[in-house]
1. Would you check if residue 232 is in contact (Cβ under 8 Å) with a residue 60 or more places away in the chain, surrounded by fewer than 20 Cβ atoms within 10 Å (Cβ to Cβ) and assigned to a helix (DSSP H, G or I)?
2. Residues being among the polar types (S, T, N, Q) and touching a Phe, Trp or Tyr at 6+ places or on another chain (Cβ under 8 Å): count how many of those fall in the stretch 133-190.
3. Any idea how many residues of the stretch 185-228 are part of a helix (DSSP H, G or I), over 18 Å from residue 258 (Cα atoms) and in contact with a strand residue (DSSP E or B) (Cβ under 7 Å, 6 or more places away or on another chain)?
4. List pairs: first in the stretch 197-220 and free of Cβ contacts under 8 Å to residues at least 60 places away in the same chain, second assigned to a helix (DSSP H, G or I) and among the charged types (D, E, K, R), Cβ under 9 Å, 6+ apart or cross-chain?
5. Go through the stretch 174-218 and give me each residue that's acidic (Asp, Glu), touching a helix residue (DSSP H, G or I) at 6+ places or on another chain (Cβ under 7 Å) and surrounded by fewer than 17 Cβ atoms within 10 Å (Cβ to Cβ).
6. Quick one: count up the residues across the stretch 102-138 that are without any contact (Cβ under 8 Å) to a residue 40 or more places away in the chain and under 19 Å from the mean Cα position of the chain (by Cα).
7. For the structure I just gave you, tell me whether residue 122 is modelled with pLDDT under 90, within 25 Å of residue 72 (Cβ to Cβ) and out of contact with any Pro (no Cβ under 7 Å at 6 or more places or on another chain).
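The values are calculated or read from the model by the stated rules, or taken from the named source; none is laboratory data. Since we're looking at a predicted model, the values are computed, not measured. We place every Cβ from the backbone using ideal geometry, glycine too, and count neighbours over all the protein chains shown.
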Amino acid sequence: MEGNAQELIAKIKQNILTTFAGTEATVDRVICCLLAGGHLLLEDVPGVGKTTLALSLAHSVNCSFGRVSFSPDTLPSDITGLTIYNTATKAFDYRPGPVMNNIFLADEINRTPPKTQSALLEAMQEHKVTVDGESHPIEGIFMVIATQNPIEFAGTYPLPEAQLDRFMMKLSLGYPSKEDEIKLADMFLGGKEAEKLESVCTLSDIEKLQEMVKQVTVKENIIEYVHNIITATRNESRFMTGASPRAMLSLIRAAQAYALMDGRDYVKPDDIKQLYIPVLLHRMPLSVEARMSHEDPVTLMRTLIASVEVPVGA
């Protein structure tokens, strides 16, 4: 498996790109999140391919898949499932909800109220759901891919900080380039759809890759570098809150996955630099003063990280 890891990752990437007209860098981040065992939030304006990207990843892996298109009247039980009285056995039976799958697509998650959004919290953190006092584990790998429209759009409910912190990465696709948009038209005319994709790997393959990610070496000076970055975010008054300990662990694990994708068995500072924006920024809302001053959070974050000393010889 070690020698075939990069080959398998490349197959997943190329499979996704047959139906998703976007940048390879975006697809790399999505695969990185999967291999790191994290959850993914895709935010952008409607129609740029968020759902297509999520479906392309899900159908590239031969695993169970669930989906909910969120709306203002979506109930928590529509996600987690519910118990129904069985007259034959005279007992309550659990009917699993769509979240009880290996990959769960929460489409337009911020179009539903906070009560329903919070139904995902336990599943995202502990890989189980509790219905009527009984816990039901989610077996195997588990990844939530959520899409949302920008919070400025009408009819949206901002995700609470506790839930944002459970997403390992947040990506914005942006409008495609001219080349990608022409490629999209060719896919459309050729009838290429994400739902028709053939899987190129099994659930077992992903589990093995995730185990390989955990074996990637992270030296003490890299851990200290990440910690210094996290500390710098907490000391920056223009962010309402700094990055959490969960954010630090997510950045380390994502860097391990990124290193494996690059064919290395060790993490280097460049891996951290490639990932700190998608892993950290969504967890750190700007302060009221910074928003009134029209601060750009990406520029602020990059300036902040540039002030952190990079380990020598790492």
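1. yes
2. Count: 0.
3. 1
4. Short answer, once both residue conditions are applied: 214/253.
5. First, the residues of the stretch 174-218 that are acidic (Asp, Glu): 179-181, 186, 193, 195, 198, 205, 207, 211.
Now restrict to residues that are touching a helix residue (DSSP H, G or I) at 6+ places or on another chain (Cβ under 7 Å): 195, 205.
If the condition is that a residue be acidic (Asp, Glu), touching a helix residue (DSSP H, G or I) at 6+ places or on another chain (Cβ under 7 Å) and surrounded by fewer than 17 Cβ atoms within 10 Å (Cβ to Cβ), then 195 is the only one that fits.
6. So the count comes out to 5.
7. Numbers: modelled with pLDDT under 90: yes; within 25 Å of residue 72 (Cβ to Cβ): yes; out of contact with any Pro (no Cβ under 7 Å at 6 or more places or on another chain): yes.
Judged against the criteria, residue 122 is a match.
Here is a yes/no grid of residues against (1) over 20 Å from the mean Cα position of the chain (by Cα); (2) modelled with pLDDT under 90; (3) under 30 Å from residue 5 (Cβ atoms):
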| residue | (1), (2), (3) |
| --- | --- |
| 240 | yes, no, no |
| 244 | no, no, no |
| 250 | no, no, yes |
| 271 | no, no, yes |
| 279 | no, no, yes |
| 295 | yes, no, no |
| 300 | yes, no, no |
| 312 | yes, yes, yes |
